[in-house]
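The values are calculated or read from the model by the stated rules, or taken from the named source; none is laboratory data. Everything quoted here is computed from the prediction, not taken from an experiment. Heads up, the Cβs are rebuilt from the backbone with ideal geometry, glycines too, and the neighbour counts pull from every protein chain shown.
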Amino acid sequence: MKSNQLLHIGVTIIFYGALAAGIILLAGTPRLPFFWAVLAVQLLTGIIGILTLDPDLLSERMRPRGKDKDPLGPAVLTILFLLHLGLGALDAGRWHLTDSVPFALQAFALVFCAAGWGALLWSMVVNKFFSSAIRLQPDRGQLVIEAGPYQFIRHPGYAFASVGFLTEGLVLGSWLSELPVLLIVFYLIYRTILEEQLLRKELAGYEEYSQRVRFRWIPGLW
């Protein structure tokens with residue numbers, strides 16, 4: 001294991017440890033098994049990603065090298081994600097306003113939540129240009145990717161992330177925590193449209209690819 005991988009793993013563990021501490025503080029109790037399941041799934045996915053993704057992609061995702069068409073995007077999504085967890089913790093631990101998601105539905109949603117984050121990682125493994133910024137990457141030799149999930153939809157990363165987030169609120173057991181998630185999904189749709197405009201205009205071969213793979217997120221719908 002390389003030193004930069006160890007550093008990334010350490011930072012990831014610290015981040016999720018801080019999330020766990022914040023959840024306990026907001027909820028007033030550590031007895032939140034589904035919260036820990038969600039964090040465990042995300043932490044495991046993150047560590048597997050650090051160990052398997054192209055090192056240059058990890059560097060690009062941490063510090064994009066070019067001009068971002070949506071520079072506030074990562075911050076907006078992070079804030080909404082934290083709000084999602086915070087509202088869920090307050091609702092499940094203190095308020096009990098909408099913490100009425102049936103146990104069976106929570107368990108069922110956990111399967112799809114894990115599948116969503118796993119499929120997102122699959123998209124990153126297949127696409128070494130999966131930057132956190134919306135930018136063209138001639139410095140990294142960007143080309144059109146048609147392998148893996150890109151055979152079926154053009155923006156599987158955004159689509160699978162939406163599955164992960166939407167099911168995550170159900171896993172937490174709080175309907176209230178789904179409100180920030182809806183904003184996340186709408187924002188991911190906005191980023192999809194923004195990225196699509198850039199790729200069609202500036203990435204060679206993307207227009208032809210979009211004729212072969214017609215749908216952005218959901219085959220047959222959009």
I need the full set of residues from the range 1-43 which are hydroxyl-bearing (Ser, Thr, Tyr) and under 17 Å from the mean Cα position of the chain (by Cα), in order please. Thr12, Tyr16
Pick from Glu195, Glu168: which is within 21 Å of the chain's Cα centre (by Cα) and under 22 Å from Lys69 (Cβ atoms)? Glu195
Which is assigned to a helix (DSSP H, G or I) and acidic (Asp, Glu), of Asp56, Asp99? Asp56
Would you mind stating whether Thr78 is of a type outside the set (Phe, Trp, Tyr), under 19 Å from Leu166 (Cα atoms) and assigned to a helix (DSSP H, G or I)? yes
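Give the residues of the range 19-48 that are among the small types (Gly, Ala, Ser) and either at pLDDT below 95 or within 22 Å of Leu121 (Cβ to Cβ) (or both), sorted by residue number. Before the answer, list the steps.
Start the filter on the range 19-48 by keeping residues that are among the small types (Gly, Ala, Ser), which leaves 20-22, 27-28, 37, 40, 46.
Scanning the range 19-48 gives Ala20, Ala37, Ala40, Gly46.
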In the list Leu72, Leu83, Leu87, which residue meets the criterion of being touching a residue at least 40 places away in the same chain (Cβ under 8 Å), out of contact with any strand residue (DSSP E or B) (no Cβ under 8 Å at 6 or more places or on another chain) and either surrounded by fewer than 18 Cβ atoms within 10 Å (Cβ to Cβ) or more than 24 Å from Tyr16 (Cβ to Cβ) (or both)? Leu83
Pairing a residue in the range 195-209 that is touching a residue at least 60 places away in the same chain (Cβ under 8 Å) with any residue that is surrounded by fewer than 12 Cβ atoms within 10 Å (Cβ to Cβ) and not in a loop (DSSP other than H, G, I, E, B), where Cβ atoms lie under 7 Å and the two sit 6 or more apart in sequence or on different chains, gives none
Just checking, does the range 182-193 include any residue being surrounded by fewer than 16 Cβ atoms within 10 Å (Cβ to Cβ), in contact (Cβ under 8 Å) with a residue 60 or more places away in the chain and farther than 30 Å from Phe34 by Cβ? no
I'd like the residue in the range 26-43 that is in a helix (DSSP H, G or I) and without any contact (Cβ under 8 Å) to a residue 60 or more places away in the chain and, out of all such residues, is surrounded by the fewest Cβ atoms within 10 Å (Cβ to Cβ). Pro33
Return the residue satisfying two criteria in turn: it lies in the range 103-139 and is buried (at least 18 other Cβ atoms within 10 Å of the Cβ) and small (Gly, Ala, Ser), and of such residues it is nearest to Ser174 (Cα to Cα). Ala109
For the range 2-14, pairs from a residue that is over 11 Å from Leu43 (Cα atoms) to a residue that is surrounded by 11 or more Cβ atoms within 10 Å (Cβ to Cβ), with Cβ under 7 Å and 6 or more apart or across chains, are Gln5/Ile50; Gln5/Leu51; His8/Ile50; His8/Leu58
Residue check, Val144 outside any helix (DSSP H, G or I), at pLDDT 95 or above and over 17 Å from Thr52 (Cα atoms): yes
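Results for (1) out of contact with any Gly (no Cβ under 9 Å at 6 or more places or on another chain); (2) surrounded by 13 or more Cβ atoms within 10 Å (Cβ to Cβ), shown as yes or no for each residue.
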position	(1), (2)
Gln5	yes, yes
Thr12	no, yes
Ala18	yes, no
Thr45	no, yes
Thr52	yes, no
